[in-house]
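**Q** Let me give you the structure first, and then I'll get to my questions.
The values are calculated or read from the model by the stated rules, or taken from the named source; none is laboratory data. Just so it is clear, the model here is predicted, and its values are computed rather than measured. With ideal geometry, Cβ positions are generated from the backbone for all residues, glycine too; neighbour counts draw on all protein chains shown. The area values use the complete protein model at the heavy-atom level, side chains included, leaving out ligands, DNA and RNA. Shrake-Rupley method; radii C 1.70, N 1.55, O 1.52, S 1.80 Å.
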Amino acid sequence: MPRVSYTAPTSIDDAVKALAASAGVAKALSGGTDLLVQLKSGRVRPEVIVDTKRIPGLIGIREEGDKFVIGAATPGIMISADERLTRAYPGIVEGVDLIGSTQIQGRCSIAGNLCNASPAADSVPPVIAARATAVVVGPNGRREVPVENIVTGPGQTSLQKGEFVVEFRIPKPLPRQSDAYLRFIPRTEMDIAVVGCAVNVVLDAGGTCTEARVVLGAVAPTQVIVEEAAQALIGHKLDDDTLKRLDSAARAACRPISDKRGTIEYRIKVAGVLARRAAAIAFDRAASRA
Amino acid sequence: MSKHHVSSVINGEPVEFLCEPQQTLLDCLRDELHLTGSKEGCGSGDCGACTVIVDGNIVCSCLMLGVEAEGRTVLTVEGVAEGEKLHPVQQKFLEHAALQCGFCTPGFIVAAKALLDENKNPTEEETRYWLAGNLCRCTGYDKIVRAVLDAAAVMRGENPPSPAT
Ligand SMILES: Cc1cc2nc3c(=O)[nH]c(=O)nc-3n(C[C@H](O)[C@H](O)[C@H](O)COP(=O)(O)OP(=O)(O)OC[C@H]3O[C@@H](n4cnc5c(N)ncnc54)[C@H](O)[C@@H]3O)c2cc1C
Ligand code: FES
Ligand code: FES
């Protein structure tokens with residue numbers, strides 16, 4: 001690998017200084033499961049790597065009032081093992097858990113999955129569907145932004161020089177709220193999403209949907225919040241007509257590419273199918289959380 | 001760029017080594033510490049031949065920097081046996097002939113040991129999913145999975161019959 005310098009600051013301020021001070025490219029490091037691959041291939045050539053994992057709070061899950069707070073570098077294995085999160089947002093845990101193998105789970109984080117900015121990132125749709133925010137710190141201080149505002153295109157984020165994500169804040173679910181994430185791959189493990197779909201819904205006591213978010217992955221340059229798909233659900237139970245409208249709204253939102261994993265037509269079709277299936281699971285879960 | 005001084009506990013022993021920041025943990029284990037049991041199959045996280053246990057979790061040592069091991073506890077395949085006494089997973093790999101060229105074996109042994117450390121009675125499906133990040137070009141996996149399930153039985157105090165050879 002090309003030469004690089006490495007620092008592992010133990011405070012947010014020192015990390016911002018290290019990221020901002022570098023004349024060349026500075027890269028935050030969480031689990032390294034994307035960054036090290038890219039370093040080796042020469043796709044990124046940072047001057048400095050700033051390991052965030054020794055900063056207090058960057059690894060761990062806590063509750064703060066009506067929010068769950070997930071440290072940016074928390075590895076997948078810790079997220080899946082957290083019973084509070086598994087109960088509250090099984091869809092987020094599903095998305096995280098789909099990232100790579102057991103070995104990758106020991107390291108991969110939501111911040112890395114998000115900031116690597118792959119359209120196919122598995123944890124990102126359910127995190128956006130849960131209306132999570134990212135806390136970003138940098139030379140100009142701290143800002144809290146909706147997660148969907150971070151990725152701007154493949155490999156591109158809205159983070160400015162010196163900025164990094166310290167944590168994700170996720171509102172605790174309402175009584176009849178739940179979610180689901182499904183991804184389609186041509187095999188059963190270890191592949192990249194052809195399509196991913198997260199659905200997060202709130203139901204009333206009678207089972208009618210009162211709030212919804214539907215987020216697609218791998219069908220456009222960034223994750224897509226499909227407003228029309230949410231509108232197809234809100235005010236309805238999951239009857240055939242609602243499912244049909246959800247399916248067409250999801251398909252209409254796709255702007256995919258063709259590659260070896262699937263053609264444009266195939267991805268569009270699968271997006272509709274996954275939206276229906278994920279909605280069915282999310283509705284069931286929400287109803288049983290009553 | 002200056003070398004980093006790293007102190008870790010590796011296979012139960014406190015170890016110090018010097019490394020360049022861009023060296024992976026796998027490079028450090030093999031080239032600095034001469035622990036050549038961990039293999040580099042792909043260098044990109046896909047094959048699992050470099051699997052080690054860091055603070056209780058399996059990771060690909062090819063996707064971790066050596067400097068990140070500062071203060072961490074690492075177990076490599078060299079630390080799986082207790083002296084001359086093979087771990088049940090190792091013993092069962094031999095009995096089942098769960099290897100041919102053997103390049104993938106250290107990674108499978110470490111990953112399987114970690115599985116059995118946290119799950120005394122894994123199903124075949126759980127075992128196959130757990131090991132999905134370990135690739136084997138030779139065996140077709142079946143003997144590996146049988147070996148791991150048999151090792152689990154041994155560790156539970158059962159006495160599975162040795163496979164017919
Ligand atoms: C074998 C293998 C299989 C994989 N399978 C999948 C899969 O199925 N689904 C999937 O979605 N991904 C998959 N991945 C990709 C990768 O594992 C995930 O994207 C993972 O979540 C990245 O997290 P990380 O912590 O390892 O990120 P890192 O590699 O540490 O970082 C990734 C990027 O994010 C930046 N970054 C990291 N932390 C921060 C921060 N706090 N603030 C700002 N920027 C930051 C880094 O600078 C870098 O650009 C796979 C990778 C491998 C090697
Ligand atoms: S060498 Fe590390 S996963 Fe293949
Ligand atoms: S025995 Fe040859 S790769 Fe597994």
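**Q** Around B:L99, what is the net charge, scoring Lys/Arg as +1 and Asp/Glu as -1 over all other residues with Cβ under 14 Å from its Cβ?
**A** Working: positive: B:K39, B:K92, B:R137, B:K143, B:R146; negative: B:E95, B:D142.
Result for the local shell: +3.
**Q** Which whole-Hz ³J(HN,Hα) couplings does region A:209-215 yield from phi under the Karplus relation 6.51 cos²θ - 1.76 cosθ + 1.60, θ = phi - 60°, glycine and proline marked x?
**A** Here the 3J(HN,Hα) series is 6, 10, 9, 7, 9, 10, 10 Hz.
**Q** Based on alpha-carbon positions alone, could you give the equivalent ellipsoid semi-axes of chain A from the gyration tensor, as √(5λ), descending, whole Å?
**A** Rounded to whole Å, the semi-axes are 33, 21, 16.
**Q** Convex hull over the alpha-carbon atoms of region B:1-89: what's its volume per residue in Å³?
**A** Expressed per residue, the convex hull around the Cα atoms of region B:1-89 is 91 Å³.
**Q** Pairing the Cα long axis of helix B:142-155 with the longest principal axis of chain B, what angle in degrees results, from 0 to 90 and rounded to the nearest 10?
**A** Taking Cα atoms only, the helix is inclined about 90 degrees.
**Q** Another question, if that's okay. Determine Rg/Rh for region A:5-51; Rg is computed over alpha-carbon atoms and Rh is the Kirkwood hydrodynamic estimate from the same atoms.
**A** Working: Rg = 10.4 Å, Rh = 10.8 Å.
Rg/Rh for region A:5-51 comes to 0.97.
**Q** Right, here's the next one. Can you find, among B:L86, A:I185, A:V93, the residue sitting farthest towards the positive end of the charge dipole of the protein assembly as shown, where Lys and Arg contribute +1 and Asp and Glu -1 at Cβ?
**A** A:I185
**Q** Using +1 on the beta carbon of Lys and Arg, -1 on that of Asp and Glu, and nothing else charged, what's the dipole of chain B about the Cα centre, debye to 20?
**A** Result for chain B is approximately 420 debye, rounded to the nearest 20.
**Q** Using 28 Å as the Cα-Cα cut-off, could you pick out the over-long pairs in A:K161/A:K269; B:K39/B:K113; A:K53/B:K113?
**A** A:K161/A:K269
**Q** Restrict the search to region B:1-79; then list the GluC sites (Glu not before Pro) that DSSP places in a loop and that have at most 13 other Cβ atoms within 10 Å of their Cβ.
**A** On the way: sites: B:E16, B:E32, B:E40, B:E68, B:E70, B:E78; in loops: B:E40, B:E70.
Qualifying residues, ordered by number: none.
**Q** Scale the Cα Rg of region A:92-142 by the rule-of-thumb value 2.2 N^0.38 Å and send over the ratio, two decimals.
**A** 1.24
**Q** Which net charge results for the neighbourhood of A:G91, defined as the other residues with beta-carbon distances under 10 angstrom from its beta-carbon, given Lys and Arg at +1 and Asp and Glu at -1? Provide the component values of the computation, followed by the final result.
**A** Details: positive: A:R285; negative: A:E94, A:D179.
Counting the neighbours of A:G91, the net charge comes to -1.
**Q** Please list, in order along region B:47-64, the HN-Hα scalar couplings obtained from phi with the Karplus expression 6.51 cos²θ - 1.76 cosθ + 1.60 (θ = phi - 60°), rounded to whole Hz, x for Gly and Pro.
**A** Karplus values, whole Hz, x for Gly and Pro: 9, x, 5, 9, 4, 9, 9, 10, 6, x, 10, 6, 9, 7, 6, 6, 10, 10.
**Q** Quote the total accessible area buried by chains A and B together, excluding ligands, DNA and RNA, probe 1.4 Å, nearest 100 Å².
**A** Buried area (both sides, nearest 100 Å²): 2400 Å².
**Q** So, one more: Taking the C-alpha atoms of region A:179-287, how large are the radius of gyration and the largest Cα-Cα span, Dmax, in Å?
**A** Cα radius of gyration and Dmax of region A:179-287 are 13.4, 45 Å respectively.
**Q** Still on this structure: Can you list the trypsin sites (Lys or Arg not before Pro) in region A:35-122 that are in a DSSP coil and have 15 or fewer other beta carbons within 10 angstrom?
**A** A:R43
**Q** Now, a different point. Would you list, by chain and number, the lysines whose Cα falls below 22 Å from the Cα of B:K120, excluding same-chain residues fewer than 8 positions away?
**A** Hits, sequence-local ones excluded: B:K85, B:K92, B:K143.
**Q** Next up: Within 14 Å, Cβ to Cβ, of B:S7, how many net charges do the neighbouring residues add up to if Lys/Arg are +1 and Asp/Glu are -1?
**A** Result for the neighbourhood of B:S7: -3.
**Q** Then there is this: Calculate for chain A the 222 nm mean residue ellipticity that helices alone would give, adding -39,500 (n - 2.57) per DSSP H run of length 4 or more and normalising by residue count, nearest 500 deg cm²/dmol.
**A** Here the helix-only value at 222 nm equals -9500 deg cm²/dmol.
**Q** On average, how much area does the Cα convex hull of region A:61-171 cover when viewed from any direction, in nm²?
**A** Over every viewing direction, the Cα hull of region A:61-171 projects on average to 6.5 nm².
**Q** How far apart, in nm, are the 7 Å Cα→Cβ label points at A:E144 and A:R245?
**A** My value for the distance between the label points is 3.4 nm.
**Q** For region A:116-207, which GluC sites (Glu not before Pro) are both in a DSSP coil and crowded by at most 13 other Cβ atoms within 10 Å? Let's see the in-between values first.
**A** On the way: sites: A:E144, A:E148, A:E163, A:E167, A:E189; in loops: A:E163, A:E189.
Within region A:116-207, the qualifying GluC sites (Glu not before Pro) (loop, at most 13 other Cβ atoms within 10 Å) are A:E189.
**Q** How many percent of the accessible area of region A:209-290 is carbon or sulfur, using a 1.4 Å probe? Mind showing how you got there, number by number?
**A** Values: 2110 of 4030 Å².
C and S fraction of accessible area: 52 percent.
**Q** Size of the dipole of the protein assembly as shown about the Cα centre, Lys and Arg at +1 and Asp and Glu at -1 on the beta carbon, nothing else charged, in debye to 20?
**A** It comes to approximately 960 debye.
**Q** Among A:V37, A:I12, A:I70, which residue has its Cα positioned farthest towards the positive end of the charge dipole of region A:1-70, with +1 placed on the Cβ of Lys and Arg, -1 on the Cβ of Asp and Glu, and the dipole taken about the Cα centre?
**A** A:V37
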